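The values are calculated or read from the model by the stated rules, or taken from the named source; none is laboratory data. This structure is a prediction, so every number in the text was calculated from the model and none was measured. Here Cβ is always computed from backbone atoms with ideal geometry, including for glycine, and neighbour counts include all displayed protein chains.
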Amino acid sequence: MMFDSFRLHVCQQFALRPTLQSLGISQTQVDQQYQDVLEHYAEQLIRFFAGPPAHRGGPWRQLAQSLAQRLRVARRSLAQASLRAMVDTVLDYPDSGARDKRLGERSPQVYVTTRYGCLALVISRDGDTPLVFTVSHGLEAFDDVPALADAERLEHNVFEGWALAALDQALLRVARVDPSRFPVLDDLDRQLMWASQLSGFVQTGRPQDNLRQELEQQLPSWLKGASPAWRLAYSQWLETMARFHEKSEGVGTRGPELDVETEAGAAAQVIFARQLALNLRRLTLECCLQGRCNVTYEGYRVMRAAVKVYKNQRRLRGVAMTFRPLAQGSGYLVGSSTGTPGPWLVVRPEASEVIEQVETAPQVRASLIDPFMTFYRAGITRWLPLLEHPLHTLARLKQVGGNLEGDCEATPTWKCETHLLHNLALLLVCTGAESPVDALDTLPRVKRMDSDWAGASGDLSVVQDRRLQALRRPSSALGQLIQSGVHKGLHLLDDAVVYNKDENHFNVLSNNRVSLNINIIEHQLVDTAQQPTQFGPHVAPDARDHWQLQRTPRVRRDLARLNSAVRAGNTLSATAPALLRDASRQAQTPGALPVDVEERLERSARSFEAAALNIRASGGNDPQVDVLYSQARQLRDYGSALRMDMTRHTARPTVGDMVYLLEQNAIRIRRLNGRVKETIDGREDYLQEYEVQDLTDASKPLWYAHFHYPTLQMADDQPTKAHLKTAAQRRLGRVFEQSERAAGRSTQVYRGPITNAAGRELFVKVKSPT
């Protein structure tokens, strides 16, 4: 069993995405401005995703690079040279415009679509077999070319576009959060943390979401209730421990210590050093999480730096972190030299509290050049109690059974232990949900973001640059520099605001919008300021009033589309009463199937949700959104109630009806008496009767099941025949049917067959009443 670390690393990378609490959202705002809160959260999530460019780029750029690397590795599996070359051109020219410019008609086209329930790239070129690439399954031949009609062609950097599609899916989940189910701030915050996971690269579903929720409830309170930053820190420690456990194949320090001059002794010393380093880091981290021994986040950073593998890595803010023996008593001071600011950590391996943080450094002796070698040579016995086996860690955190991938039967056992460590690391940064929304592929595909001008780097794509040039003003005149106000740093010419970029001049259109009662002024490049028909990127000033193109994606606000979506929503909303009436009539039609009635209303409910989502996806917070969601719930609830009622009152019950009502906790089965001897057509027969009780109506008998046996000793699950009967026809049989025929009537007794083992099992597992 292999653990794919990609999902873990993506979840860790985005673990510190915003929460409602970190954004300062109050319960009052949730109560009064629910949709505005969701939109504000979506905007902040996008801002986090795009991120302030660091030396390695923001989260978006890092994710795009990781996806490119996954494709680069998967390319090695291709046996056909032409297919490898096709993939190479995408890797060499990820910008589709640059690739088309370079290769012309031989340029592969790249699309994003869905496969195996997750996001996929399709690479297609005339004359070559199309390829589909998913993180979970690698590269495969893609024969379903017509499916590309629903795919999106990636015009810019294909890996940035693929990553952006995952964010779009997260935003759709955010938009579908139901205000009636999460009215409390903490519950809403948790649901949004689930919804905003960038899980579109791997297949997800309700079972895993629910399992993660159950496993998380088993965690100790100090870890379950930890902040996202602390959960991330513990997840990273678990991942490091898992890698060490795998690399060492589960071999731990068992003592006694061996001569380090021998090969075995040198290997034992390395294992001891790594185990002790990891456990000192764990102990410090748990002190922080549990609020013990004055240990703070800074103290944890000190320990984490001090136990790094290589000496040149043991630095914090450029200052070396060392171990120094205490001048008095047994133990060590961990941290910087005494002439620099603290904090410091005192480590006493034999004490009840092994680690304690101090703000004033005690007297110490000289720093240990190689602390872990010194500890090993001085005798490891005093350190052994600190070396917790991974299985003990998992048991202490109540996660021994926490395998999200199913049961592990691998031998040796360290492979299962490694897998469980990885699973727990994932659990801490990839939360579950009690109420995961339905799969997104059940809804029409809508884009939640405007990303036409977006990019993870400062440079425009070839297509974006071409479109920007088409917006240039024909005149080279700039006008007067604006010295104050919201346009400070731009120019004014003939009542038009002008932006200058590399001696190219553009008209600027300013708009106001309100977010959570805050007025926001936005500036966008347009072809003409009076009646614009073409829109370019947004621009904004930096701290020095130098205006820059904005490359961050934005929540889509398409006024024309929004108006159309609202009109369509209003039209659909008006049909709700008629849909309910039609369902009632259908339910009363002879021969109508209960499941058909429910499915018809379920399809209608989905169309109402889709209409609400279209309004939201167009950037609207129209009250009609809540109305449509409420009507969708009403249609769905009514469909469920009709199916329940029709099933309970059917004159022809089936095993399928039994299964459905049992799943709804609407019935229970009761075994009556024992087998009763009868004579049928001159043969002895033994009848075992079961009563199906209606729990929605004071446990009244609803149906009866009759199981017939040739002897008293025949096994319960081997009747000669078994069938369901209505309560009204319980005592009626062949004699009744014969008398009806003699009277000229064709009345028949209904006997719903119970023919398969699964159907019989519903009854035979019921014990006799005591």
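Points to keep in mind about this one:
- Inclusion of residue 657 among residues that are under 30 Å from residue 753 (Cα atoms), touching a helix residue (DSSP H, G or I) at 6+ places or on another chain (Cβ under 8 Å), crowded, with 19+ Cβ neighbours inside 10 Å and not hydrophobic (A, V, I, L, M, F, W, C) is warranted.
- Which numbered condition residue 733 misses (of (1) in contact (Cβ under 8 Å) with a residue 60 or more places away in the chain; (2) over 13 Å from residue 658 (Cβ atoms)): (1)
- Residue check for residue 671: among the basic types (Lys, Arg), in contact (Cβ under 8 Å) with a residue 40 or more places away in the chain and surrounded by 17 or more Cβ atoms within 10 Å (Cβ to Cβ): yes
- Condition check for residue 131: of a type in the set (A, V, I, L, M, F, W, C), buried (at least 22 other Cβ atoms within 10 Å of the Cβ) and under 19 Å from residue 170 (Cβ atoms): no
- Near pairs, Cβ below 7 angstrom, 6+ apart or cross-chain, from region 590-613 (closer than 22 Å to residue 178 by Cβ) to any residue that is of a type in the set (Gly, Ala, Ser) and surrounded by fewer than 18 Cβ atoms within 10 Å (Cβ to Cβ): 598/640; 611/568
- All positions within region 224-243 that are surrounded by 18 or more Cβ atoms within 10 Å (Cβ to Cβ) and either hydrophobic (A, V, I, L, M, F, W, C) or on the phi > 0 side of the Ramachandran plot (or both): 226, 230, 232, 233, 237, 238, 241, 242
- Residue check, residue 65 at pLDDT 90 or above, within 20 Å of residue 165 (Cβ to Cβ) and assigned to a helix (DSSP H, G or I): yes
- Of all residues in region 531-551, those that are free of Cβ contacts under 8 Å to residues at least 60 places away in the same chain and surrounded by 11 or more Cβ atoms within 10 Å (Cβ to Cβ) have Cβ atoms under 6 Å from Cβ atoms of residues that are among the hydroxyl-bearing types (Ser, Thr, Tyr) and assigned to a strand (DSSP E or B), 6 or more apart or on another chain, in 539/499; 547/499.
- Subset of region 285-331 (residues that are crowded, with 18+ Cβ neighbours inside 10 Å, assigned to a helix (DSSP H, G or I) and in contact with a helix residue (DSSP H, G or I) (Cβ under 7 Å, 6 or more places away or on another chain)): 285, 288, 289, 299, 300, 303, 304
- Selection status of residue 374, in a loop (DSSP other than H, G, I, E, B), at negative phi and surrounded by fewer than 16 Cβ atoms within 10 Å (Cβ to Cβ): no
- Residue that is modelled with the lowest pLDDT, among those in region 557-567 that are outside any loop (DSSP other than H, G, I, E, B) and surrounded by fewer than 17 Cβ atoms within 10 Å (Cβ to Cβ): 559
- Failed criterion for residue 638 (all others in (1) in the same structural domain as residue 756 (by TED's automatic domain parsing); (2) buried (at least 18 other Cβ atoms within 10 Å of the Cβ) hold): (1)
Quick grid of which residues meet (1) in contact with a strand residue (DSSP E or B) (Cβ under 6 Å, 6 or more places away or on another chain); (2) at positive phi; (3) part of a helix (DSSP H, G or I):
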position: 591; (1), (2), (3): no, yes, no
position: 595; (1), (2), (3): no, no, yes
position: 600; (1), (2), (3): no, no, yes
position: 626; (1), (2), (3): no, no, yes
position: 652; (1), (2), (3): no, no, no
position: 658; (1), (2), (3): no, no, yes
position: 665; (1), (2), (3): no, yes, no
position: 673; (1), (2), (3): no, yes, no
position: 676; (1), (2), (3): yes, no, no
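- Yes/no for residue 629 being among the aromatic types (Phe, Trp, Tyr) and over 27 Å from the mean Cα position of the chain (by Cα): no
- Scanning region 530-551 for residues that are under 23 Å from residue 484 (Cα atoms) and of a type in the set (Lys, Arg) returns a single hit, 544.
- In this structure, residue 65 does not qualify as more than 30 Å from residue 128 (Cα to Cα) and surrounded by 13 or more Cβ atoms within 10 Å (Cβ to Cβ).
- Residue that is farthest from the chain's Cα centre (by Cα), among those in region 349-369 that are surrounded by 15 or more Cβ atoms within 10 Å (Cβ to Cβ) and closer than 15 Å to residue 299 by Cβ: 361
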